[in-house]
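Trainee: Structure below; questions to follow.
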Amino acid sequence: MRIRTVLGEKLRESIGSVVPITLIVAILCLFFVPVSTDLMLAFVIAVILLIAGMGLFTLGTEASMTPIGSYLGSRMTRSRSVPLIVALSFVLGVAITVAEPDLQVLANNVPHINTWVLMLTVSVGVGFFLVASMLRILLAVDLKWLLIAFYALVFIVAAFSDPDFLSVAFDSGGVTTGPMTVPFIMALGVGVACIRSDKNAECDSFGLVGLCSIGPILAVLILGFAYESESSGLSAQAVTSWANTVELGTSYLAALPHYMLEVAMALAPIAVIFLIFQAVSLRLRRLPFLKIVIGILYTYTGLVLFLTGVNVGFSSLGTLLGREIASGEWRWLLIPVAMLMGWFIIRAEPAVHVLNRQVEEMSAGAVSEKAMGLSLSAAIAAANGLAMLRVLTGVNILWFLLPGYMLALALSFFVPRMFTAIAFDSGGVASGPMTATFMLPLAMGAAEAVGGNIMTDAFGLVALVAMTPLITVQVMGVIYKLRSGRAAAREAELERAVESLGEDIIELWEVSA
């Protein structure tokens with residue numbers, strides 16, 4: 001009964017994430033953009049698979065990945081061995097990132113880099129920066145100085161990098177902080193932070209996700225110096241067509257074995273690591289062990305359904321819509337359409353509501369959940385609009401990312417430490433599954449239609465979406481600081497007034513005496 005209730009809740013969350021973009025696409029296809037019936041039917045089937053897959057996947061990660069991260073984090077803490085913590089952090093960072101669904105979707109969309117080469121490069125980047133994050137917690141290093149140093153290095157390397165790798169690199173940083181990686185890494189961080197007992201230990205357990213998102217950017221930029229790729233004639237993925245319903249159904253069934261094998265290979269490392277720890281040191285009792293195993297099976301099933309739906313019927317329609325809208329006289333409509341999709345996508349993300357409540361609680365109500373939600377929706381809508389502006393004009397992404405990150409890092413000097421940590425952690429919250437699975441193919445189709453370079457013009461959308469919460473959350477931190485400062489000033493003024501009134505009463509008492 002408990003599993004059925006939780007599964008129902010997760011399915012409702014996934015419906016909330018997928019339905020807004022489905023309704024917008026349906027209106028576009030039924031009244032404005034002609035789409036073949038077979039592709040529309042494939043899209044409807046894909047929507048059903050995405051809803052079921054995301055529901056099972058999120059249920060599975062909560063039942064398996066979060067407990068595994070917590071158990072391994074506490075076990076590392078008990079060892080008090082820094083070399084062990086460093087080694088395990090790297091291995092776990094690589095293993096968990098390979099299984100990230102958003103990364104797999106991005107890697108399948110990048111035409112000039114082998115899928116597994118890109119996934120392993122990104123995973124190694126996360127592994128190295130997870131090590132850096134753990135050392136930061138142990139050594140109590142202020143997060144903002146590390147962010148400034150690493151992002152300075154990122155933009156220096158970016159200035160000399162291959163343009164075909166630049167946007168993909170920043171997108172890689174956005175997709176790695178997804179529903180698989182985030183709960184696992186945060187559970188590890190909380191466990192390691194227990195080693196310290198000072199007042200900032202809990203605060204320093206945040207910021208891991210923000211630091212880990214830098215690793216993939218650097219890793220892919222460095223890959224661009226060594227990897228030989230054929231970038232001429234690159235195009236967005238081909239839009240599949242089916243002659244009849246049987247052919248469509250056969251296409252979905254034929255894709256299942258491929259993704260079953262691919263997901264098994266992706267989940268195998270983290271499952272093997274857990275089983276080794278279980279045999280060597282954890283020795284969990286039967287019930288918690290079985291819960292984790294069942295959670296891994298839910299994760300596996302959900303991920304297979306999710307990737308099958310995305311790659312067979314979901315992304316194809318996004319590519320076609322982008323081509324059709326951008327090839328007509330109304331190509332500039334791409335910008336408001338993308339903004340509308342961004343507004344509703346972010347409001348339907350369950351993790352965003354968790355972030356909004358977290359900020360409201362942290363600010364003691366000075367920044368309300370509603371205000372936070374509206375500001376994030378506006379920011380993500382603006383990010384999607386800027387991404388489509390880049391598609392239509394070919395503006396270099398660094399013209400947006402460099403000032404954006406400079407502003408985000410500058411704000412870190414004017415807000416409480418916790419706001420900065422949560423802001424840089426929240427980038428992956430905004431760049432949820434719908435961004436990589438639909439918005440990116442939409443941009444790729446549009447870039448191809450206007451004759452642009454999809455590698456430099458379409459990619460980078462995820463990076464822009466991931467950057468905006470860094471600014472938005474910290475702006476809310478500034479508002480909180482100003483309001484709390486005014487409240488403190490009013491309280492001090494009231495105390496002085498009470499003290500003055502007390503002195504007057506004493507003087508009057510003395511006169512009457």
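Trainee: Hey, PHE43 hits all of (1) among the aromatic types (Phe, Trp, Tyr); (2) closer than 30 Å to PHE128 by Cβ; (3) at pLDDT 90 or above but one; which does it fall short on?
Mentor: Condition not satisfied by PHE43: (2).
Trainee: For LEU256, state whether it is assigned by TED's automatic domain parsing to the domain that holds VAL44 and touching a Gly at 6+ places or on another chain (Cβ under 8 Å).
Mentor: Details: assigned by TED's automatic domain parsing to the domain that holds VAL44: yes; touching a Gly at 6+ places or on another chain (Cβ under 8 Å): no.
It is false that LEU256 is assigned by TED's automatic domain parsing to the domain that holds VAL44 and touching a Gly at 6+ places or on another chain (Cβ under 8 Å).
Trainee: So which pairs qualify, if the first residue must be in segment 22-35 and part of a loop (DSSP other than H, G, I, E, B), the second must be charged (D, E, K, R), the Cβ gap must be under 7 Å, and the two must be at least 6 apart or on different chains?
Mentor: Partner pairs satisfying both residue conditions: VAL33/GLU324.
Trainee: Moving on to the next point. Condition first: surrounded by 13 or more Cβ atoms within 10 Å (Cβ to Cβ) and free of Cβ contacts under 8 Å to residues at least 60 places away in the same chain. Now tell me which residues in segment 251-262 satisfy that.
Mentor: We begin by selecting, within segment 251-262, every residue surrounded by 13 or more Cβ atoms within 10 Å (Cβ to Cβ); these are 251-252, 255-256, 258-260, 262.
Selection gives ALA255, LEU256, HIS258, TYR259, MET260.
Trainee: Going by what's in this entry, would ASN356 be described as in the same structural domain as ILE471 (by TED's automatic domain parsing), farther than 30 Å from VAL157 by Cα and either at pLDDT 85 or above or surrounded by 20 or more Cβ atoms within 10 Å (Cβ to Cβ) (or both)? Write out each step before concluding.
Mentor: Values: in the same structural domain as ILE471 (by TED's automatic domain parsing): yes; farther than 30 Å from VAL157 by Cα: yes; either at pLDDT 85 or above or surrounded by 20 or more Cβ atoms within 10 Å (Cβ to Cβ) (or both): yes.
Yes; evaluated as a whole, the condition is true for this residue.
One line per residue, one yes/no per condition, for (1) more than 16 Å from the chain's Cα centre (by Cα); (2) in contact (Cβ under 8 Å) with a residue 12 or more places away in the chain; (3) farther than 23 Å from ILE214 by Cα; (4) not in a helix (DSSP H, G or I):
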site: LEU376; (1), (2), (3), (4): no, yes, no, no
site: ALA383; (1), (2), (3), (4): no, yes, no, no
site: LEU386; (1), (2), (3), (4): yes, yes, no, no
site: LEU389; (1), (2), (3), (4): yes, yes, yes, no
site: MET406; (1), (2), (3), (4): yes, no, no, no
site: ALA410; (1), (2), (3), (4): yes, no, no, no
site: MET418; (1), (2), (3), (4): yes, yes, no, no
site: ILE422; (1), (2), (3), (4): no, yes, no, no
site: ALA436; (1), (2), (3), (4): no, yes, no, no
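Trainee: Conditions first: (1) touching a helix residue (DSSP H, G or I) at 6+ places or on another chain (Cβ under 6 Å); (2) at pLDDT 90 or above; (3) surrounded by fewer than 23 Cβ atoms within 10 Å (Cβ to Cβ); (4) closer than 30 Å to VAL190 by Cα. LEU118 passes all but one, so which condition is the exception?
Mentor: Of everything listed in (1) touching a helix residue (DSSP H, G or I) at 6+ places or on another chain (Cβ under 6 Å); (2) at pLDDT 90 or above; (3) surrounded by fewer than 23 Cβ atoms within 10 Å (Cβ to Cβ); (4) closer than 30 Å to VAL190 by Cα, LEU118 misses just condition (3).
Trainee: Separate question: Does PHE400 satisfy being hydrophobic (A, V, I, L, M, F, W, C), surrounded by fewer than 24 Cβ atoms within 10 Å (Cβ to Cβ) and over 19 Å from LEU143 (Cα atoms)? Steps first, answer last, please.
Mentor: Details: hydrophobic (A, V, I, L, M, F, W, C): yes; surrounded by fewer than 24 Cβ atoms within 10 Å (Cβ to Cβ): yes; over 19 Å from LEU143 (Cα atoms): yes.
Yes.
Trainee: Moving on to the next point. State which residue is nearest to the chain's Cα centre (by Cα) when the search covers only segment 48-100 and only residues that are among the aromatic types (Phe, Trp, Tyr) and outside the structural domain of SER316 (by TED's automatic domain parsing).
Mentor: Start the filter on segment 48-100 by keeping residues that are among the aromatic types (Phe, Trp, Tyr), which leaves 57, 71, 90.
Keeping just the survivors that are outside the structural domain of SER316 (by TED's automatic domain parsing) gives 71, 90.
Values: TYR71: 24, PHE90: 20 Å.
Here the residue is PHE90.
Trainee: Within segment 418-433, identify whether any single residue is crowded, with 24+ Cβ neighbours inside 10 Å, of a type in the set (Asp, Glu) and more than 28 Å from GLY16 (Cβ to Cβ), and answer yes or no.
Mentor: Step one: list which residues in segment 418-433 are crowded, with 24+ Cβ neighbours inside 10 Å, which gives 419-433.
Of the ones still in play, those that are also of a type in the set (Asp, Glu) are 425.
Filter once more, keeping what is more than 28 Å from GLY16 (Cβ to Cβ): none.
No - not one qualifying residue is present in segment 418-433.
Yes/no per residue for (1) under 23 Å from ALA421 (Cα atoms); (2) touching a Cys at 6+ places or on another chain (Cβ under 8 Å); (3) free of Cβ contacts under 8 Å to residues at least 60 places away in the same chain; (4) surrounded by 16 or more Cβ atoms within 10 Å (Cβ to Cβ):
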| site | (1), (2), (3), (4) |
| --- | --- |
| THR77 | yes, yes, no, yes |
| VAL98 | no, no, no, yes |
| ILE113 | no, no, no, yes |
| VAL126 | yes, yes, no, yes |
| SER133 | yes, yes, no, yes |
| PHE150 | yes, no, no, yes |
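Trainee: Can you work out which of the residues in segment 7-47 that are surrounded by fewer than 17 Cβ atoms within 10 Å (Cβ to Cβ) and within 14 Å of GLY309 (Cα to Cα) is nearest to the chain's Cα centre (by Cα)?
Mentor: Restricting to residues being surrounded by fewer than 17 Cβ atoms within 10 Å (Cβ to Cβ) and within 14 Å of GLY309 (Cα to Cα), the top hit is VAL44.
The values are calculated or read from the model by the stated rules, or taken from the named source; none is laboratory data. The structure displayed is predicted, hence computed values, not measured ones. Every residue, glycine as well, gets a Cβ built from its backbone with ideal geometry; the counts of neighbours run over all protein chains shown.
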